[in-house]
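For reference, the structure is listed below as structure tokens.
The values are calculated or read from the model by the stated rules, or taken from the named source; none is laboratory data. Quick caveat, the model's predicted, so the values are computed rather than measured. Glycine gets a Cβ as well: all are built from the backbone with ideal geometry, and neighbour counts include every protein chain shown.
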Amino acid sequence: MVDALLGLQWGDEGKGKIVDFLAHDYQIIARFQGGPNAGHTLYIKDKKVVLHTIPSGVFHPGLMNVIGNGVVIDPVSFEQECNEIEAHGIDLKKVLVISERAHLILPTHKALDKASELNKGVNKIGSTLKGIGPTYMDKTGRNGLRVGDILRPDFQQRYEVLRGKHLDLLGQMKFDEDISEWENAFFASVEALRKHTIISAEYYLNDAIRQGKKILAEGAQGTMLDIDFGTYPFVTSSNTVTAGLCTGLGIAPQHVGKVYGISKAYCTRVGSGPFPSELLDATGDTLRANGNEFGSTTGRPRRCGWIDLVALRYACLINGVSDLIITKSDVLDGMEQVGVCTSYVMDGKETTQFPYDINEKEIEAKFDYIPAWDKNLSDCESKDDMPRNFMRLLEMIEKHTQVNIAYVSNGVGRDQLISMKGNSTKP
Ligand code: GDP
Ligand code: IMO
Ligand code: MG
């Protein structure tokens with residue numbers, strides 16, 4: 001059986017922490033899309049670790065970790081990440097396997113990402129510049145290089161062919177930065193990548209399913225960044241939704257069990273693109289400061305706003321979320337009031353449906369407000385401790401999404417997570 005764990009907003013919902021918490025229930029944790037654009041934070045013995053390409057189960061002894069075919073790998077950032085993890089005494093050659101079908105991010109992909117963003121000017125996506133878009137373009141354009149290719153004797157020639165195409169494109173885009181340093185680093189890191197366990201991950205995972213093992217598929221980014229269902233074109237280049245795990249791991253849909261959907265108790269976005277419930281005022285600044293909302297991968301300040309139940313309901317629908325997990329509840333402690341976006345007004349009409357195009361249109365978010373609570377969520381140890389007004393927020397989320405909340409996270413630590421199971425969230 002395979003359970004999924006996904007972000008329901010614009011990324012950074014706290015997926016890393018929750019995977020790390022749930023990992024002891026599983027034998028395998030598998031990443032199925034994205035690449036080093038992701039930054040998943042966890043705390044190991046009070047030490048902060050940010051993972052980019054490697055699954056967040058890697059610190060659990062006895063667990064296997066899989067990088068699936070749907071992931072794109074930059075050998076350079078992968079090697080750096082491996083070194084950081086191995087410094088904690090973990091032998092990745094034993095606990096990590098990589099699909100031979102995963103695509104490689106080349107130095108020229110990163111250059112193309114940068115050139116493309118420069119050419120777009122004010123319309124830039126706000127990409128992490130990790131080469132994600134150009135690598136997935138080469139994958140669907142049937143030009144890409146895969147991890148398995150590094151084991152072939154003619155890898156260098158294949159590399160040169162693709163590099164040549166990219167240099168032509170970069171010339172047309174008037175990009176003339178010297179990338180020779182990146183290329184040297186790339187080939188050194190490809191050597192390191194060759195020493196890892198490169199396999200047919202689809203056979204490995206399906207064998208594990210047959211043996212009754214439990215797999216947790218760890219999503220990266222979030223539903224509103226999905227290439228099909230996100231706020232296109234301000235999205236990433238992969239399917240971040242539940243369906244993406246089938247193509248990104250080679251697992252058939254009937255094996256999918258629970259779908260854990262993660263949402264903050266408010267909302268953030270990093271990079272460009274529409275954000276209907278964004279707060280451009282002092283309240284947004286307070287959320288950023290209290291929630292330490294700065295990108296885990298790029299360090300950029302995250303845009304902050306109130307939770308958006310129109311978008312969240314849509315995300316639950318597309319993903320078939322069975323269990324909601326609300327993170328960063330403690331960040332709302334001390335706010336004068338907490339806003340909840342319940343509908344949009346577009347062209348003078350109120351709607352609770354997520355529109356096809358929210359880039360070009362003026363959207364007004366309609367809010368309900370919940371008064372402040374007097375007790376800190378960060379001090380709560382069980383559901384019964386939670387302040388009444390916070391419970392009202394949870395009730396609204398459940399009512400709009402029609403999904404039960406399984407856990408509420410109230411701090412960065414592995415165990416700062418309150419189970420809501422047993423009874424309903426209604427007091
Ligand atoms: P991911 O990309 O979804 O894994 O999320 P990130 O790691 O990019 O960002 C989430 C940030 O919030 C990290 O710094 C986490 O340590 C932190 N975090 C996770 N859960 C909580 C929580 O319940 N409360 C607080 N205050 N911080 C949290
Ligand atoms: P995790 O897994 C938040 C955003 C970028 C940009 C857009 C496209 O940590 O939640 P890309 O580099 O993919 O071409 O960027 O998507 N983005 C993320 N935002 N969390 C992420 O990952 C993100 N990965 C990409 O900021 O707006
Ligand atoms: Mg992140």
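Here are a few things to note about the model shown:
- For the residues Glu86, Glu100, Glu81, Glu13, the requirement of being within 16 Å of ligand 3 (Cβ to nearest atom), acidic (Asp, Glu), surrounded by fewer than 24 Cβ atoms within 10 Å (Cβ to Cβ) and modelled with pLDDT of 95 or more singles out Glu81.
- From Ser329, Ser296, residue being within 16 Å of ligand 3 (Cβ to nearest atom), among the hydroxyl-bearing types (Ser, Thr, Tyr) and in the same structural domain as Gln402 (by TED's automatic domain parsing): Ser296
- Checking each residue in the range 275-301 for being more than 9 Å from ligand 1 (Cβ to nearest atom) and under 18 Å from the mean Cα position of the chain (by Cα) picks out Phe275, Thr298, Gly299, Arg300, Pro301.
- Near pairs, Cβ below 6 angstrom, 6+ apart or cross-chain, from the range 365-378 (within 18 Å of Met420 (Cβ to Cβ)) to any residue that is more than 16 Å from ligand 3 (Cβ to nearest atom) and among the basic types (Lys, Arg): Ile370/Arg392
- Residue that is farthest from ligand 1 (Cβ to nearest atom) [pool: residues in the range 24-56 that are surrounded by 24 or more Cβ atoms within 10 Å (Cβ to Cβ) and outside any loop (DSSP other than H, G, I, E, B)]: Ala30
- Close pairs (8 angstrom Cβ cut-off, 6 or more residues apart or separate chains): within 16 Å of Asp74 (Cα to Cα) and assigned by TED's automatic domain parsing to the domain that holds Arg302 in the range 27-46, assigned to a strand (DSSP E or B) and away from ligand 1 (no atom under 13 Å from the Cβ) anywhere: none
- The strands (runs of 3 or more DSSP E) found entirely in the range 192-264 that carry 2 or more residues being more than 20 Å from Ile18 (Cα to Cα) are 197-199.
- When Val345, Val338 are screened for being of a type in the set (Val, Ile, Thr) and surrounded by 21 or more Cβ atoms within 10 Å (Cβ to Cβ), only Val338 passes.
- Residue count for the range 95-122, restricted to those that are without any contact (Cβ under 8 Å) to a residue 60 or more places away in the chain and assigned to a helix (DSSP H, G or I): 10.
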